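So the structure is just underneath, and the comments pick up after that.
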Amino acid sequence: MTRKNRDREAERQEIRAAAERLLAGTPLRSPVGKLTGTELIAECGLRRDVVYGDHKELVDEFRARAKAQNFTPQVVQSMADENIVLREALTKIKAELAAERERVHALLRAATELSLELEQTREELAAVQQVTRLPGPRGTGRMPG
């Protein structure tokens, strides 16, 4: 088995393209998009030993350009913006949940109170129905009216 000869110039072009994508905030392979050597290696798709062994100066150049940049990459900025929106939504949902829990407790109290009143009413009704009725007055057979 023979090894395939490496195209060092193609590797350099791949590293430079990856650096440009990261600096522009539009990575293709890097899930995070941070401006680090590790992310550069992930973005270019080459092995670490190849990048650091034969193209270390490109990594150093990338790091210097990243340090000189005074703005946050678009990917990181959009993630930060989304994080803010999600945190605000979470705060709102937590407040709504607390209000719902209060309503549930109030409804439970009302249901308990109504259940007790219903039981008392049933007991009163049962007591009234247990009273023995006395016969009406004797006499003419007419209904009192």
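Do we have any residue at all in region 87-109 that's open to solvent by less than 100 Å² (accessible area, probe 1.4 Å) and over 34 Å from the mean Cα position of the chain (by Cα)?
Within region 87-109, not a single residue is open to solvent by less than 100 Å² (accessible area, probe 1.4 Å) and over 34 Å from the mean Cα position of the chain (by Cα).
In region 57-107, which residues are within 30 Å of residue 8 (Cβ to Cβ) and not in a helix (DSSP H, G or I)?
Answer for region 57-107, where residues must be within 30 Å of residue 8 (Cβ to Cβ) and not in a helix (DSSP H, G or I): 69, 73.
Step by step: first the residues of region 1-57, then only those that are open to solvent by less than 40 Å² (accessible area, probe 1.4 Å) and β-branched (Val, Ile, Thr), then the one that is modelled with the highest pLDDT. Which residue is that?
Top of the filtered list is 15.
Residue pairs, Cβ under 6 Å, 6 or more apart or interchain, first in region 19-42 and within 15 Å of residue 64 (Cα to Cα) and part of a loop (DSSP other than H, G, I, E, B), second at pLDDT below 90 and among the small types (Gly, Ala, Ser). List them.
As it stands, the answer is 35/66, since those pairs meet every condition given.
Condition test on residue 75, is it under 30 Å from residue 20 (Cα atoms), among the aliphatic types (A, V, I, L, M) and in contact with a Gly (Cβ under 7 Å, 6 or more places away or on another chain)?
Spelling it out, residue 75 is indeed under 30 Å from residue 20 (Cα atoms), among the aliphatic types (A, V, I, L, M) and in contact with a Gly (Cβ under 7 Å, 6 or more places away or on another chain).
Across region 43-52, what is the total count of residues that are assigned to a helix (DSSP H, G or I), under 16 Å from residue 7 (Cβ atoms) and charged (D, E, K, R)?
0
The values are calculated or read from the model by the stated rules, or taken from the named source; none is laboratory data. Source: prediction; values computed, not measured. Cβ: placed from backbone, ideal geometry, glycine included. Neighbour counts: every protein chain shown. Surface accessibility is based on the protein's heavy atoms, side chains included, excluding ligands, DNA and RNA. Shrake-Rupley method; radii C 1.70, N 1.55, O 1.52, S 1.80 Å.
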